[in-house]
Amino acid sequence: MVSTSRWRQLSVLALPAAALLGVLVLIPGIGLSVNGASRWIQLPFLTVTVPVVMTWLCVIYIARYVAKHRKSLQTTYAGVVRPGFAIAAICWLMLMQPDFGSMFLLAFMALLLLFVSGARLSAFVALIIGAISLLAFFAIASPYRMARLTSYFNPWGDPLNSGYQLTQSLIAFGRGEIFGLGYGGSIQKLFYLPEVHSSFVLAMIAEETGAVGAIALIGILMLLVWRIWRLGLIAGKAGAPFAATFAKGVAIVIALATLVNSFSVVGLLPIIGSSLPFVSYGGTHLLILSVMLGMVARVELDRRAGRLAR
Amino acid sequence: MQSWRDIFVIALILLGALSVAGRIVFLATVEQEFLKNEGDKRAVRQESVLAARGRILDRNGIVLAENQSAYSIAVRPSRSVPDDAQLRSIASILKRDPDELINRVRRASGRDFLYVARFVSPAQVAKVRLLEIDSLLFEGTPTRDYPLEKKAAHVVGLTNVDNRGIEGAELAFETNLSGSPGKRYTLRDRLGRVIEEVEQGVSATDGGTLTLSIDSRLQILAYRSLRSVAGFSGSSSASLLALDPETGGILALVNLPTYDPYDRTGMSPQDMRNRSITDVRELGRVIVPFVILSALESGEFQLNSVVDTAPGLLRVSEQTTLSDPRDFGRLELSALLREQSSVGLAKVALNLPNNALFDTLQKAGFLEPTGVELPGETSGRIANLNLNSPAPIESAVSLAALANGYGISATLLQLTSAYSILANSGVRVKPSVLKSAPVDSENVYDASNVNSVTDLLEISSKNAKWRDAHVPGLEVYGYGGFAEATTAGGGYREDSGSAFFVGFTTRSNGQIVVGIVLNGALSAELVNGPAKVFSRFVSTAVSDSLDQTQ
């Protein structure tokens, strides 16, 4: 049992740990490379998907930073730019793997979290402009990302190659109609839609349970996000900025992952290979999400016990 | 502390969630039809459903052709092929040449598909399967089972590899037999495996059952009778045709040589020809009864009218003189039939009104195909015919020759059909191979004249000329003759030709008309062969059917 205050003490290790993982996974022999991407570290009993862990550590890091440097974050440029650089460094390590999707989620999460924690607005705007231009550069600089982008604009232009996944995904939504084809009724999972168990699981759910099922699933996740956010607000009122920021960070991670994934599956965003929280296949993902939920639950437990540390 | 920033971020997330929800609803409603259609294009395949080919039955419902499954054995050389030892085992089961098979598989290396063998019986396939060779593919193919095999091959015919009729009734009634294929729509996964059948298919309409006029029992008897005699008569080909004179139904049709519908490699076009309807031969004396009939029909002659054949010679023109083997002297018309006096027959013909003989022969159906449903029917002809003239046969030579059976040719079906008019008291019936064909009949001759001729045709054990055709205990009628083969140059070969016999039974005995021809080198066996076949066939056929009715 690790209390919130214990987490706060340990949080000093979060950023170095994230950086260390980011470096380790790049070292051949330690990092596992599949299809040209080194995102995994093989442990005796499980394969750890590193970016997921790094994201979690970054949430802890920002929560710690906000708790410690609230004043300078809200008033000075340096207070905003410093965590910005730290996160940018972690983002760069992710890009080395390369994992553009996780990097995008991390950067977006960090920006929102800093914003909601009261970062000085002028400095924050500068940070956003910097972040967006960097993202755009990386997206355009890499041909396969560019292909994903263009196919997003017109998936039916080349439905057998670059547009293949998206068209198959859209077909699943169309086939599902409002109430779906029923359990096991999915055609797209019969090898038509690749990654149907991970990135495109929402499409398959839509095909089998219809628009109703897919929207209900997103609604449930959004309800979860709101409950966590409310806990963050309560913790903030109780004068526990670490707990408050961490809870909001978790809420943002879940919300962003849900939205980015569903946006790309329905063709509102280019496919960046993200997964749907708690639904997509992936051991590390589920594990870290559960850890985050556990920590959030602990915040509530500590609050009720009146032990929420300042 | 609930700042505007919290509200902003929450609103942003909510907006995102609503956009997704809106987009999902849009895809599931507005875009639904397009997307479903695109999905079906990828996952739904149309395939045709084979219609079952109709059965062919004989007049008593006995199966002459029905469906069965044969198998094809194939390999995909681009993936893997059996090794040489395995191929040898396969070849030995299928009774094929092992080296040929090995070479064929080797030559196909790299190809996507190769048939190792087609039309393999289920039994052989079971043996090949026991070899457990993974690289073999087995494919069921619809094919036909012909229980009478080569005994009825020319009537029933056969189908090709695509199960379409290419010979006989299978070809003639292809449309009825084949039915129309259906369509089915199947849902397939990306690897092409069928997941389920989806609705909206069109079911196949199976082919209809075809009932032929053929009687299997008579068909088999005919085959045996013909083969037993044709064998030692030295004939190169032979045909037997049995008709029901009242309905025109063909009861049996056999040609030798015939072919085995299961042995596609051994088939030759010669053997597959349905000679009794495709081969036209000069008829010779077998038409004499029609000359007598013509004389009676003209009213110029009675049965007892006397024709003077002395001195056994008749000069028809400058170049042509007919001669009899001896001087028959004065012969009654009825005796001409027995003696076959060339001079007498010519004199009768020359004394008839000039279109009488032509008229009789035309009414007998010698000038046009009978219209039987089987494919490939041809028609005989009368030589030196001028249809625009009031006297179609102008020259005396032609007329004299025609009265002796020269210059007139026909198929066995035409000949047998003509004799069935005699058996039928002057009513001509269109022959048919279908049991339920509407009877298409026309009264062409005076019944009393026909009956007068028929009486002359009765065969008894004492009847010297056609004694071989006698059937003990049965009243039979018939006539025959030998015609020398014609040569390309218009002359005759004295050493070979066609021996005919056409006979019939009375109505009380289950009337049947049987025409037989043997072609080959001239010999006593050949000339007498058809009458022997007739006797053998009719004695068994009629006595069996009498047993059955009793």
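In the stretch A:108-150, the residue that is farthest from the chain's Cα centre (by Cα) out of those that are buried (at least 21 other Cβ atoms within 10 Å of the Cβ) and closer than 13 Å to A:A88 by Cα is A:L127.
If the condition is being at pLDDT 85 or above, away from every other protein chain (no Cβ under 14 Å) and surrounded by fewer than 18 Cβ atoms within 10 Å (Cβ to Cβ), then the stretch B:27-66 contributes B:A52, B:N60, B:G61, B:I62, B:V63, B:E66. Residues that are farther than 18 Å from B:K41 by Cα, touching a residue at least 40 places away in the same chain (Cβ under 8 Å) and hydrophobic (A, V, I, L, M, F, W, C) do occur in the stretch A:142-159. Kindly indicate whether B:N176 is in contact with a strand residue (DSSP E or B) (Cβ under 8 Å, 6 or more places away or on another chain) and either in the same structural domain as B:L253 (by TED's automatic domain parsing) or at positive phi (or both). So B:N176 does not fit the description; no. The sole residue among B:V116, B:V105, B:V75 that is in a helix (DSSP H, G or I), more than 30 Å from A:S264 (Cα to Cα), away from chain A (no Cβ under 14 Å) and modelled with pLDDT under 90 is B:V105. Contact map, the stretch B:7-23: first residue at the interface with chain A (Cβ under 7 Å from one of its Cβ atoms), second residue aromatic (F, W, Y) and surrounded by 13 or more Cβ atoms within 10 Å (Cβ to Cβ), Cβ cut-off under 8 Å, separation 6 or more or different chains; pairs are B:V9/A:F115; B:I10/A:W226; B:I10/A:W229; B:G16/A:F263; B:S19/A:F263; B:V20/A:F263. Here the helices (runs of 4 or more DSSP H) wholly within the stretch A:56-143 that include at least 3 residues being under 25 Å from A:L293 (Cβ atoms) and out of contact with any Pro (no Cβ under 7 Å at 6 or more places or on another chain) are A:77-96, A:100-116. Selection of the stretch B:246-272 for residues being over 13 Å from the mean Cα position of the chain (by Cα) and in a loop (DSSP other than H, G, I, E, B) yields B:E246, B:T247, B:G248, B:P257, B:D260, B:Y262, B:D263, B:M267, B:S268. The residues in the stretch B:177-196 that are farther than 17 Å from B:P142 by Cβ and within 41 Å of the chain's Cα centre (by Cα) can be counted, and the count is 3. The sole residue among A:E208, A:E195 that is closer than 30 Å to A:W92 by Cβ and among the charged types (D, E, K, R) is A:E195. Of the residues making up the stretch B:318-362, those that are more than 42 Å from the chain's Cα centre (by Cα) and either within 15 Å of B:L402 (Cα to Cα) or of a type in the set (F, W, Y) (or both) are B:T321, B:F328. Which residue is farthest from B:G490 (Cα to Cα), if the candidates are limited to the stretch B:282-324 and must be surrounded by 19 or more Cβ atoms within 10 Å (Cβ to Cβ) and small (G, A, S)? Restricting to residues being surrounded by 19 or more Cβ atoms within 10 Å (Cβ to Cβ) and small (G, A, S), the top hit is B:A295. When restricted to residues that are among the β-branched types (V, I, T) and surrounded by 16 or more Cβ atoms within 10 Å (Cβ to Cβ), the stretch B:142-195 contains 5. Summed over the stretch B:363-394, the residues that are among the polar types (S, T, N, Q) and buried (at least 17 other Cβ atoms within 10 Å of the Cβ) give a count of 2.
Suppose the filter is touching a Leu at 6+ places or on another chain (Cβ under 8 Å) and β-branched (V, I, T); does B:V161 pass it? Considered against the rule, which asks whether it is touching a Leu at 6+ places or on another chain (Cβ under 8 Å) and β-branched (V, I, T), B:V161 comes out as no. Looking across the stretch A:177-213, the residues that are at the interface with another protein chain (Cβ under 8 Å from one of its Cβ atoms) and either farther than 16 Å from B:D40 by Cα or part of a loop (DSSP other than H, G, I, E, B) (or both) come down to A:E177, A:I178, A:I187, A:A206, A:G210, A:A211. Within the stretch A:35-58, the residues that satisfy the criterion of being without any contact (Cβ under 8 Å) to a residue 40 or more places away in the chain and either surrounded by 14 or more Cβ atoms within 10 Å (Cβ to Cβ) or within 21 Å of the chain's Cα centre (by Cα) (or both) are A:W40, A:I41. Is the stretch A:276-284 home to any residue that is surrounded by fewer than 24 Cβ atoms within 10 Å (Cβ to Cβ), away from every other protein chain (no Cβ under 12 Å) and part of a helix (DSSP H, G or I)? For the stretch A:276-284, residues surrounded by fewer than 24 Cβ atoms within 10 Å (Cβ to Cβ), away from every other protein chain (no Cβ under 12 Å) and part of a helix (DSSP H, G or I): present. Looking at the stretch A:222-232, is at least one residue more than 8 Å from every other protein chain (Cβ to nearest Cβ), farther than 16 Å from A:A297 by Cβ and crowded, with 21+ Cβ neighbours inside 10 Å? No: zero hits. Pairing each residue of the stretch A:243-268 that is without any contact (Cβ under 8 Å) to a residue 12 or more places away in the chain and within 8 Å of chain B (Cβ to nearest Cβ) with any residue that is assigned to a loop (DSSP other than H, G, I, E, B) and surrounded by fewer than 24 Cβ atoms within 10 Å (Cβ to Cβ), provided the two are 6+ apart or on different chains, yields C-beta distances under 6 Å for A:F263/A:L269. Could you please let me know if B:P82 is crowded, with 17+ Cβ neighbours inside 10 Å and either more than 14 Å from every other protein chain (Cβ to nearest Cβ) or touching a Leu at 6+ places or on another chain (Cβ under 9 Å) (or both)? So B:P82 fits the description; yes. Residues in the stretch A:11-23 that are modelled with pLDDT of 85 or more and exposed (fewer than 14 other Cβ atoms within 10 Å of the Cβ): A:P16, A:V23. Listed by position, the helices (runs of 4 or more DSSP H) enclosed by the stretch B:275-392 that each have at least 2 residues that are within 28 Å of B:L251 (Cα to Cα) are B:275-278, B:288-298, B:356-363.
Okay, residues lined up against (1) touching a helix residue (DSSP H, G or I) at 6+ places or on another chain (Cβ under 7 Å); (2) at pLDDT 90 or above; (3) of a type outside the set (D, E, K, R):
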{"position": "B:L357", "(1), (2), (3)": "yes, yes, yes"}
{"position": "B:A364", "(1), (2), (3)": "yes, yes, yes"}
{"position": "B:N388", "(1), (2), (3)": "no, no, yes"}
{"position": "B:P392", "(1), (2), (3)": "yes, no, yes"}
{"position": "B:L412", "(1), (2), (3)": "yes, yes, yes"}
{"position": "B:S425", "(1), (2), (3)": "yes, yes, yes"}
{"position": "B:L434", "(1), (2), (3)": "no, yes, yes"}
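Quick check on the stretch A:60-75. Is at least one of its residues out of contact with any Leu (no Cβ under 7 Å at 6 or more places or on another chain) and exposed (fewer than 15 other Cβ atoms within 10 Å of the Cβ)? For the stretch A:60-75, residues out of contact with any Leu (no Cβ under 7 Å at 6 or more places or on another chain) and exposed (fewer than 15 other Cβ atoms within 10 Å of the Cβ): present. Among the residues of this structure, B:S420 does not count as one that is free of Cβ contacts under 8 Å to residues at least 12 places away in the same chain, small (G, A, S) and either assigned to a helix (DSSP H, G or I) or surrounded by fewer than 21 Cβ atoms within 10 Å (Cβ to Cβ) (or both). Using the structure shown, decide if A:G219 is within 13 Å of chain B (Cβ to nearest Cβ) and in contact with a Lys or Arg (Cβ under 6 Å, 6 or more places away or on another chain). Judged against the criteria, A:G219 is not a match.
The values are calculated or read from the model by the stated rules, or taken from the named source; none is laboratory data. Since this is a predicted model, take the numbers as computed values, not measurements. All Cβ positions, even for glycine, are placed from backbone atoms using ideal geometry, and neighbour counts span all protein chains on display.
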